[in-house]
Structure formats: C-alpha cells, structure tokens
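Taking it in order: structure first as structure tokens, then the write-up.
The values are calculated or read from the model by the stated rules, or taken from the named source; none is laboratory data. Quantities reported herein were computed from a predicted structural model and do not represent experimental measurements. Cβ placement follows ideal geometry from the backbone for every residue including glycine, while neighbour counts extend to all protein chains displayed. In case anyone asks, the SASA skips ligands and DNA or RNA and just uses the protein heavy atoms, side chains included. Shrake-Rupley method; radii C 1.70, N 1.55, O 1.52, S 1.80 Å.
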Amino acid sequence: MDNYTLLETLVIMVGINAIFTYAISGNIDLDVAKRWRMSSILIFFGCILLLSQRYFNYYWITIILSNGFLLFGFYYQVSTALCFEIKKIPYENFVVLSILILYGVGFYYYTFIDFNTMFRVLIVSIISFMLYFFSIACIFQKKGLFLSLISKEIWMLFIFSCAFYLVRITITIAEYLSDYRLHSLFDKDVLTSLTFIFLIVYNTIFLNGMFNATLRDKNRLLKQDKNRFTHLFEFLNDTAKHLDLQGLYKSIESILRKSFGVPSGAIYLKDEGHGEYSHTMAYLFNELELPINQVKTFKMGEGLSGKAVEQEKVIIIDIDSYPNKELAEDYKSKGVSHMVSIPLIASNEIIGAITIVYSIDEIKKELFDKKFLLYLGEQISLVLHNAILYNKLSGLANTDFLTGLYNRRKIQELFHIEEKRFKRNNKALTIALIDLDHFKIVNDTYGHECGDEVLKCMANALKKSCRDTDYICRWGGEEFLIIFVETTLANAKIASERILTVFSTTTIECTQDTSVTASIGLAQKNCVDETLDELTIRADKALYEAKSNGRNQVRCSYPYE
C-alpha cells in the first residue's frame with residue numbers, strides 16, 4: 001500500500017473521528033468539548049490539504065496550511081486531555097506562541113528560501129514531541145502517577161507518541177547525515193508510511209480513549225450529583241427535627257463541607273431594624289484561619305456577598321479578582337483559590353448570604369454548578385427563614401415587648417432550671433427585686449410615653465451591669481427581677497449598687513434632667529425547698545425597707561429573718 005492510499009485512509013478515519021466527536025462531546029464539560037471538536041476539525045482539514053498537495057503540485061499554501069492545521073490539531077488534542085484532568089492549561093499562551101514561532105520561522109525558511117521536505121517533517125516532529133512531552137510533564141507534576149486519571153488510555157497514547165516522534169527525529173537526522181533526501185510525502189518512504197499508519201492508529205485510539213473517558217466522567221458526575229442530593233436529603237431531614245439556629249448552622253456547615261469540600265465559610269443574616277442593606281456574620285467555620293475582621297458585615301452591593309445579594313444570583317470569582325487586593329493576598333497566602341457567594345432568598349425576601357472559599361490548586365468546574373448552588377441556597381433559605389420566624393415567635397412568648405427582657409412566665413421556667421442546679425451543686429443563688437421610685441409621678445408629670453422611656457433606660461442599665469449568666473426579667477409594671485446565678489448575698493449587693501449608680505447617672509431627656517432612681521431588695525436562697533414565691537416575698541420586704549429608708553438604695557433579707 002503506497003503513501004497516497006494510506007493518506008486517503010487517514011482522511012476517512014479523521015473524518016469519522018470528527019463525526020463521532022460532535023456526537024459524543026455534547027455530554028461533557030463545555031471547554032473540553034470545544035477543544036476536542038476544534039482538534040477533530042483541524043486534523044481533518046489538515047489531512048485533506050495534505051492529500052490535495054498531489055493535485056496542486058506542492059503549492060506552498062497547501063504545505064503551510066496542512067502542517068499548521070495538523071500541529072494545532074495535535075495541540076488541541078493535548079489541551080483536551082489536560083482540560084479533562086486539571087481544567088487549566090499551564091502556560092497556554094506561551095505554548096501557543098512557541099508553536100507559532102517555531103513553525104512560522106521553520107516553514108518560511110524551508111519553503112521559500114531553501115525548499116526542503118525533510119526539514120519540514122523534522123520541524124513538525126520536533127514540535128509534536130515537545131507537545132506530548134509537555135502534556136505528560138504537566139500531568140506528572142499535578143497528579144503524579146496515572147492511577148487517578150479519567151483518560152488513562154490517552155495518556156498512555158501520549159507516552160507512546162512521545163517515543164514515536166523521538167525515534168522519528170533521530171532517524172530523520174540520521175538519514176540527512178547519510179545524504180538521504182525526502183522529496184515528497186508521496187515517495188515510497190518507509191518512515192513516512194509508518195507515520196501515516198501511526199496517525200491512523202493514533203486517532204482511532206484517541207477517539208476510543210475520549211469515549212471511555214467521557215463515560216467515566218459522566219458516571220463520576222452522576223455519582224457526585226447522587227452524593228450531593230443524598231447530603232441535601234440528610235440536611236433537610238436533620239433540620240426538620242429542630243428549629244434551633246445554632247444547630248441549624250452546624251447542619252449547613254456539614255452539607256457545604258460534604259457537597260463541596262470547602263474548608264471555610266460564613267453565613268450572613270440581615271440585621272433587624274436596618275432594612276435589607278445591612279447584613280452581619282451569624283456563623284463562621286474557619287479551618288483555614290482566615291482574617292475576618294474586614295468581612296464581618298456587608299451592605300447591599302458591597303463585597304462579594306453584597307453583590308450576590310444585590311444581583312440575587314450566585315457569584316463565583318477567582319481570588320485574584322477579589323476587589324480588596326490586600327485581603328485577597330492574605331487569603332491567597334492561606335491557600336484560597338476561589339470564592340463563592342450564594343444569596344439567601346425566602347418568600348421573595350433577602351434574608352442573607354453564604355460565602356464559601358475553595359483552597360485547591362485546580363478547580364473542577366462541576367464544583368461550581370450554579371444551578372445546584374442556587375437550589376441549595378433556596379433550601380437553606382427556607383429552613384433558615386422558618387427557624388428565624390420560630391425564634392422570633394419564641395422570643396415574643398418569652399420576652400417583654402417594651403424592654404426586650406424576659407417576662408414573668410419565662411423567668412419562672414429559668415428559676416426551676418437553676419433550682420435543680422442548686423440542688424446538685426449547692427452553690428449560692430440570690431434574687432433582686434427592683435422598683436422604680438415615684439414612677440407614678442413620672443407618668444403623671446411627663447406622660448406614659450416618657451414612662452416607657454424610663455422603663456427602657458432601666459432595662460439597659462440592668463443589661464450593662466449584669467453578667468451574661470444572670471437572668472433579668474420585667475416582673476410587672478415598674479418592677480424588675482434578677483436571678484444572680486452562683487452569687488452570694490454580699491456579691492449581689494455589690495452588683496445591685498452598681499445598677500443603681502448606672503441608672504441614676506443615665507440621662508433621660510423626657511424627664512427634663514430630673515433624676516429618676518430605683519430601690520432594690522435582695523434575698524438569697526436559704527434551702528433546697530425554698531420556692532421563687534417565698535424568695536420574692538423576702539426580697540419584697542427588703543425592698544419595702546429600702547423605700548421606707550429614703551429610696552435609691554439596696555437592702556438585704558438575711559437568712560431566717
């Protein structure tokens with residue numbers, strides 16, 4: 001079989017290759033599909049032009065175009081395989097520019113200045129060898145051995161191609177040194193015949209390898225989707241069991257880690273009373289130990305999360321595109337490569353956003369499935385919205401509307417909890433009963449709105465002066481009650497005097513600089529069986545004593561009085 005017949009066979013094979021490429025490539029990543037299709041078209045037209053050289057009497061345009069198409073067809077085959085594995089071609093612009101320069105200079109010289117078919121073949125062989133060697137080196141650098149590769153057959157083919165072109169370069173140089181001259185690709189040259197046979201076999205194996213790799217990748221994506229929806233089902237099932245926000249945040253962290261493998265992220269919720277323009281970090285998981293001081297809050301359109309909320313869509317950026325360059329450099333130093341922000345929208349209302357970071361060298365684009373991210377955001381928004389509403393309703397049931405303090409019913413529940421702890425630990429427990437002095441006069445003189453303002457000021461003074469472990473309640477009217485946990489009568493008295501100082505020095509504009517004071521009665525729990533009612537009776541007696549002795553003071557009910 002002569003070289004012309006082999007070339008005709010090659011044209012038929014690459015034509016079939018192009019047809020199957022278009023049929024198969026629709027099921028894979030868009031960038032991979034584009035490169036694979038481009039390679040099949042370039043190689044097909046390159047072979048057609050090679051075949052046409054016989055009819056155009058080796059006209060220079062067919063020589064340059066055919067070899068150029070073939071070289072860039074090989075390049076796109078290599079880049080297709082690389083895209084399958086690592087999603088990014090290292091030094092792509094440099095590689096393309098190198099091919100153009102080597103090919104352009106070499107073919108210009110050996111076509112127009114010193115017409116030499118052998119040297120043109122040598123140039124194509126050298127560039128092809130470099131391409132395959134470059135691709136293999138990239139894969140070894142990124143993934144090590146080929147065990148985890150999607151397109152294993154193709155990489156074995158590239159290794160064989162590398163060896164083939166190295167042999168061809170060696171033999172071509174040896175033939176040149178022995179004064180052998182290749183005058184035409186259609187000469188009965190054994191090496192040229194072997195090259196055509198190699199290209200026929202090569203393209204057949206490449207097509208088969210890509211077909212197998214496509215099936216493997218599709219199965220991998222299906223498995224990944226199955227796992228994601230399994231995680232989502234687990235998340236929805238888990239969140240259906242509770243409406244506690246802290247527990248819910250943990251469940252959200254779990255699904256983000258399982259579905260996307262992210263090491264760090266934050267949940268932002270809209271600030272109540274500030275409209276939809278201000279959002280604050282409600283929860284953080286920060287395995288990468290990223291600096292967060294500058295990203296604790298955001299406003300509409302501000303930062304990545306603000307833009308996601310403003311545009312109501314998932315936003316994905318490379319870390320180099322992050323607007324705050326100084327922060328971006330800090331994040332990069334911790335290994336962050338990409339950032340994603342998902343808006344949280346429930347009942348057509350923006351309730352916040354989730355921002356997550358990726359810290360892997362080469363991102364698989366399926367991780368950035370915007371449809372799934374948006375769907376996940378919708379499900380998270382729904383359960384978060386329900387939990388927020390539940391907590392608001394619970395808060396309304398347990399707190400006083402005016403002051404935001406616990407109400408009487410809630411403080412009784414909390415006392416029962418502390419009572420059990422008192423039985424176990426036998427640690428001190430003291431209550432304070434607080435009453436505003438001459439409150440009726442304030443209402444009658446300045447009006448009930450001013451009276452409400454005075455009650456709010458007292459609530460703020462109590463919050464400022466008490467510990468987080470203490471319980472503060474609006475007991476009724478102008479009376480307040482505090483449960484001082486694990487606190488003796490003496491220490492409770494110190495805290496109470498601090499409360500009076502803070503309150504008496506608070507400026508209340510509506511009282512026209514008239515000082516408003518309060519009196520406090522204290523009682524420490526004497527024994528296990530003493531109830532809240534019994535304690536308050538003793539504290540009330542001490543409060544009455546404070547009132548009788550001039551007000552604006554603290555009095556104590558001592559044991560067994």
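Rolled with a 1.4 Å probe across the full set of protein chains, the surface gives D31 an accessible area near 40 Å². For region 170-232, the Stokes-Einstein estimate of translational diffusion at 37 °C and a viscosity of 0.692 mPa s comes to 209 µm²/s, using the Kirkwood hydrodynamic radius over alpha-carbon pairs. Charges were assigned to the Cβ only: +1 to each Lys and Arg, -1 to each Asp and Glu. The resulting dipole of the chain about its Cα centre is roughly 1360 debye.
Computed from backbone phi, the HN-Hα couplings of region 413-425 come to 4, 5, 5, 4, 5, 5, 5, 5, 5, 4, 5, 6, 9 Hz, rounded to whole numbers (Karplus: 6.51 cos²θ - 1.76 cosθ + 1.60, θ = phi - 60°; Gly and Pro given as x). Using Cβ point charges alone (K and R +1, D and E -1), the dipole size of region 411-545 about the Cα centre works out to roughly 700 debye.
Rolling a 1.4 Å probe over the protein heavy atoms leaves R538 with an accessible area of roughly 40 Å². What are the aspartates and glutamates whose alpha-carbon lies under 18 Å from the alpha-carbon of K258, with same-chain residues fewer than 8 places away excluded? Once the sequence-local aspartates and glutamates are set aside, what remains near K258 is D225, E234, D238, E287, E366, D369, E378.
To test your reading of the geometry: what angle, between 0 and 90 degrees and rounded to tens, separates the Cα axis of helix 152-177 from the longest principal axis of the chain? It works out to around 40 degrees.
Amide H contacts under 5 Å for E479: none, restricted to partners 5 or more places along the chain or on a different chain, H placed in the peptide plane at 1.01 Å from N.
So which of K307/K464; K88/K325; K88/K371; K296/K334; K427/K456 end up more than 26 Å apart by C-alpha?
Details: K307/K464 36 Å; K88/K325 23 Å; K88/K371 22 Å; K296/K334 18 Å; K427/K456 32 Å.
Beyond 26 Å between Cα atoms: K307/K464; K427/K456.
The amide H of A282, built 1.01 Å from its N in the peptide plane, has I267, Y268, L269 as neighbours under 5 Å, considering only residues 5 or more places off or on other chains.
Considering all different alpha carbon pairs of region 423-475, the Kirkwood hydrodynamic radius works out to 13.2 Å. Report, in whole Å, the centroid distance computed from the Cα atoms of region 373-443 and region 169-191. Using only Cα atoms, the two centres lie 91 Å from each other.
Computed over region 381-442, the convex hull of the alpha-carbon atoms projects to a mean area of 7.0 nm². Name the lysines eligible as straight-distance cross-link partners of K547: C-alpha to C-alpha under 17 Å, and not fewer than 8 places from it in the same chain. Leaving aside lysines fewer than 8 places away in the same chain, those within reach of K547 are K440, K493.
Given the convex hull over the Cα atoms of region 296-425, what projected area results after averaging over all orientations, in nm²?
Working: hull surface 50.9 nm².
For region 296-425, averaging the hull's shadow over all directions gives 12.7 nm².
Against the main long axis of the alpha-carbon atoms of the chain, helix 532-548 sits at an angle near 60°. Using the Cα centre of region 95-175 as origin and beta-carbon charges of +1 (Lys, Arg) and -1 (Asp, Glu), tell me which of M130, A174, F158 is placed farthest towards the positive end of the dipole. Positive-most Cα among the choices belongs to F158.
If R0 is taken as 41 Å, the Cβ-Cβ distance between I205 and M300 corresponds to a FRET efficiency of 0.15.
Averaging Cα coordinates gives a centre for region 1-49 and one for region 111-166; these two points are 18 Å apart.
Mean projected area of the Cα convex hull of region 86-193, taken over all directions, amounts to 8.1 nm². Values of log10 I(q)/I(0) for the chain across q = 0.07, 0.11 Å⁻¹ run -0.64, -1.05, by the Debye formula with one identical scatterer at each alpha carbon and no solvent. In the assembled protein chains, K152 presents an accessible area of approximately 80 Å² (probe radius 1.4 Å).
So if we plug the beta-carbon distance of T9 and K143 into 1/(1 + (r/R0)^6) with R0 = 35 Å, what FRET efficiency do we get, rounded to 0.05? Don't jump to the answer; show the numbers that get you there.
Values: r = 35 Å, r/R0 = 1.00.
So the FRET efficiency works out to roughly 0.50.
First compute the accessible area of region 64-117 with a 1.4 Å probe, then give the percent of it belonging to carbon and sulfur atoms. Let's see the in-between values first.
Details: 1660 of 2390 Å².
Carbon with sulfur: 69 percent of the solvent-accessible area.
May I ask you to give the solvent-accessible area per residue for the chain, in square angstrom, as obtained with a 1.4 angstrom probe? Write out the running numbers ahead of the final one.
Working: 27890 Å² over 561 residues.
With all protein chains present, the chain gives 50 Å² per residue.
The string of couplings for region 107-113 from the Karplus curve (6.51, -1.76, 1.60, θ = phi - 60°) is 6, 4, 5, 8, 10, 9, 9 Hz, one whole number per residue in order, with x for Gly and Pro. Computed on protein heavy atoms with a 1.4 Å probe, the accessible areas place E287, E530 in the order E287, E530, largest first. Any chance you could give the angle, 0 to 90 degrees and rounded to 10, that helix 370-398 forms with the longest Cα principal axis of the chain? Orientation of helix 370-398: about 0 degrees from the principal axis.
Report the FRET efficiency, 1/(1 + (r/R0)^6), for Y176 and L30, where r is their Cβ-Cβ distance and R0 is 41 Å, rounded to 0.05. Provide the component values of the computation, followed by the final result.
Details: r = 45 Å, r/R0 = 1.09.
Using R0 = 41 Å, I get an efficiency of 0.40.
So if I take the alpha carbon set of region 193-335, get Rg, then get Rh from the Kirkwood formula, what is the Rg over Rh ratio? Over the Cα atoms of region 193-335, Rg/Rh equals 1.17.
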